[in-house]
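Structure record follows, encoded as structure tokens.
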Amino acid sequence: MSMQLLTSTPKSCCPAPLECEGNFFIVRRGTIWESYVPVKGTFTFDGSQNTTTATIRIYLFDGKIITRSLLPGQSFVFTGDNIRRIEIYVPNGSSNITFRHCTQELLDSNCKWKDKCCPEYLQCEAAATYNNIPLDENFLLWESTIPVTGSLIINPDAFSGGEINIIIKKFNKPDLTQKIKQGTALHTSDMKALLINIPGAVADPPGISVEFCLIDQVSEKEKC
């Protein structure tokens, strides 16, 4: 009888996805970011020092376009996946918007092996300052096309008196609302968007600084 060597089958893993971070000032109009492979990420458009209007267009591989128009001083943060291209349009002159990105490749969850790979989480930290926020309006600060968990540190700048309403919209769950008078940290899951409402009774509307610490949520079916 011949001798047989019994060995366990080695566990196969997907390659680690490429992760990148970076930032620069947006001055001229046109395409500012483009990918030829699907990625997920968080993109910050900090226009707190900007003095002109701007329109942002985020193109996804499925054909959907997310559009956000910003007045002078306004900012926007976006999280999503399958992102293909980002463009900015400035009708007059040049802009002074700080653009930051934190991205990760979307790898095929099915390897060449029989077993599926564990999807990698993407964790991003970002910060933005929002000025020129309209009063008595649910003003959008951040939105996501994928559920995320994270902490939001919200700090009204030079704010004295009154309350500010914070609204966190969630995927398939009730909205979370909170009134704040000072710097506040909120931690929750299934987040979809962050909005703020400053009552018209506030005599000197503050700017708002937000620090984001976000991690995307992998569905139960995809977990190992």
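Every read-out reported here was derived from the displayed coordinates using simple, explicitly stated rules and does not represent laboratory data. On a predicted model such as this, the values are computed, not experimentally measured, just so you know. Cβ: placed from backbone, ideal geometry, glycine included. Neighbour counts: every protein chain shown.
Observations on the structure shown:
- Full-extension gain in nm, residue 136 to residue 61, via 0.36 nm per residue minus C-alpha separation: 23.5 nm
- Theoretical FRET efficiency, 1/(1+(r/R0)^6), r = Cβ-Cβ of residue 171 and residue 92, R0 41 Å, to 0.05: 0.60
- Largest-first principal axis extents, alpha carbons of the stretch 126-213, Å: 36, 22, 18
- With the simple spin-label model, which puts each label point 7 Å out from Cα in the Cβ direction, the residue 151 to residue 51 separation comes to 3.7 nm.
- Packing-based ranking, highest mean first, of 22-29, 95-102, 35-42 given that Cβ atoms within 10 Å are counted: 95-102, 35-42, 22-29
- All C-alpha to C-alpha distances of the stretch 12-70, sorted into 10 Å bins beginning at zero, yield P(r) values of 14, 47, 28, 9, 3, 0 percent in whole numbers.
- Alpha-carbon spread of the stretch 151-197, three principal axes, descending order, Å: 36, 17, 11
- Local net charge near residue 125, Cβ-Cβ under 12 Å (Lys/Arg +1, Asp/Glu -1): -1
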